[in-house]
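Remarks on the structure that follows.
The values are calculated or read from the model by the stated rules, or taken from the named source; none is laboratory data. A quick note: this is a predicted structure, and the numbers were derived from the prediction, not measured. Neighbour counts run over all protein chains shown; Cβ positions are idealised from the backbone, glycine included.
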Amino acid sequence: MANRIVVLDGAMGTMIQRYSLQEEDYRGERFADWEHPVKGNNELLSLTRPDIITEIHRAYFEAGADIAETNTFGANRISQADYHMEPLSEEMNFASVACARAAADACMSKEPGRICWVAGAIGPTNKTASLSPDVNDPGYRAITFDELVDAYLEQARALWKAGADVMLVETIFDTLNAKAALYAIQQLRDEAGEAIPIMVSGTITDASGRTLSGQTVEAFMVSVLHADLLSIGLNCALGAKDMAPYIHELALKSPVMVTAYPNAGLPNAFGAYDQSPEAMADLVSEFMKNRWINLIGGCCGSTPDHIAAIARVAKGEQPRPLPQPTI
């Protein structure tokens, strides 16, 4: 990331939708008699349809991605409670790393000298530690910090043991949730006695330039830098055009590497993303030409075609230089 712009993969959900999977596809044989609906539980597919997940990773590597994110955005016991599958969290993470690792190894065997990495994706969960879900009770919280730490530690431990190269705490809308994840990873570092690289990516939810929990980009950055990060950046919520000023701000102020993986534009009236690969690549080229970033990728709506177009642009550009500390 110091020597060239590294390319991250694109959206997992967008690609899964292309398979038009039904309830029985998610269940497979193992969960055929599960008492609750499971359609939409994309992380479960790492157990029931690993062929699909591995195929998606392979498509992104073949498009030019250097890093694949594991299919683990919601593979934590808090999010899995929606499907009554909390005990499967650890197994989902192991299986998801195996899928990404298989695709990475296959790609490297085809192209000797190439290096493909696996990022253990850690999503924000579906609960927030800073805000009340009840407008009539502002002091109420649906989750505690300790509960978040326990869930994140279980997930991070499984990802690391399974062979992830880096932890990616992403789509952060509540910095308190992120701090729980970072605290859990620090516990894992102590437990494993190893240096575990950490990438952090927040999300700006609207034109106010703030996270859902109310922080500006700079405030968010300062709140998480204690964790000895490899990088900090933004993803999701915004397309590249709307994300640009916030990436620029990070580029000016961050003491660590800067990352960006925006959506393929904004969703249309039907929730689909219409931005073409060429249009998205043209927009993110601004990030690269201005040397704002060290890593580029795609979030919601992006596909291997988007990543291929972005990777072509990235080849000709230089990464953001790491600022030299001043005394």
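For the reader, a short list of remarks on this structure follows.
- From the list Glu249, Glu286, the lone residue that is charged (D, E, K, R), touching a Phe, Trp or Tyr at 6+ places or on another chain (Cβ under 9 Å) and surrounded by fewer than 23 Cβ atoms within 10 Å (Cβ to Cβ) is Glu286.
- The set of residues in the range 22-78 that are out of contact with any helix residue (DSSP H, G or I) (no Cβ under 8 Å at 6 or more places or on another chain), buried (at least 21 other Cβ atoms within 10 Å of the Cβ) and within 30 Å of Thr128 (Cβ to Cβ) contains only Ile67.
- Glu218 meets the conditions (1) touching a helix residue (DSSP H, G or I) at 6+ places or on another chain (Cβ under 7 Å); (2) crowded, with 19+ Cβ neighbours inside 10 Å in every case but one. The failed one is (2).
- The lone exception for Val7 - which of (1) more than 30 Å from Arg320 (Cβ to Cβ); (2) in a strand (DSSP E or B) it fails: (1)
- Taken over the range 52-72, the residue count meeting the criterion of being assigned to a loop (DSSP other than H, G, I, E, B) and closer than 16 Å to Ala162 by Cβ is 3.
- Counted residues, the range 259-304 - those being under 19 Å from Thr171 (Cβ atoms) and aromatic (Phe, Trp, Tyr): 3
- Annotation note: Cβ proximity below 7 Å between a residue of the range 126-153 that is free of Cβ contacts under 8 Å to residues at least 40 places away in the same chain and among the acidic types (Asp, Glu) and a residue that is surrounded by 13 or more Cβ atoms within 10 Å (Cβ to Cβ) and assigned to a loop (DSSP other than H, G, I, E, B) (sequence gap 6+ or interchain) occurs for no pair.
- Considering Pro112, Pro87, the condition of being more than 21 Å from Val6 (Cβ to Cβ), out of contact with any Pro (no Cβ under 6 Å at 6 or more places or on another chain), without any contact (Cβ under 8 Å) to a residue 40 or more places away in the chain and exposed (fewer than 14 other Cβ atoms within 10 Å of the Cβ) is satisfied by Pro87 alone.
- When Ala119, Ala106 are checked against the criterion of being touching a residue at least 24 places away in the same chain (Cβ under 8 Å), over 19 Å from the mean Cα position of the chain (by Cα) and farther than 22 Å from Ser223 by Cα, Ala106 stands alone in meeting it.
- Residue match in the range 232-240 (condition: over 23 Å from Asp146 (Cα atoms), at pLDDT below 95, not in a strand (DSSP E or B) and not hydroxyl-bearing (Ser, Thr, Tyr)): no
- Residue within the range 313-320 that is modelled with pLDDT of 95 or more and either β-branched (Val, Ile, Thr) or not in a loop (DSSP other than H, G, I, E, B) (or both) present: yes
- Test: Pro277 is free of Cβ contacts under 8 Å to residues at least 60 places away in the same chain and in contact with a helix residue (DSSP H, G or I) (Cβ under 6 Å, 6 or more places away or on another chain): yes
- Residue in the range 258-272 that is farthest from Asn294 (Cα to Cα), counting only those that are surrounded by fewer than 21 Cβ atoms within 10 Å (Cβ to Cβ) and in contact with a strand residue (DSSP E or B) (Cβ under 8 Å, 6 or more places away or on another chain): Pro267
- Of all residues in the range 288-313, those that are more than 17 Å from Asp66 (Cα to Cα) and in contact with a Pro (Cβ under 9 Å, 6 or more places away or on another chain) total 3.
- Boolean, Pro245 is in a strand (DSSP E or B) and free of Cβ contacts under 8 Å to residues at least 40 places away in the same chain: no
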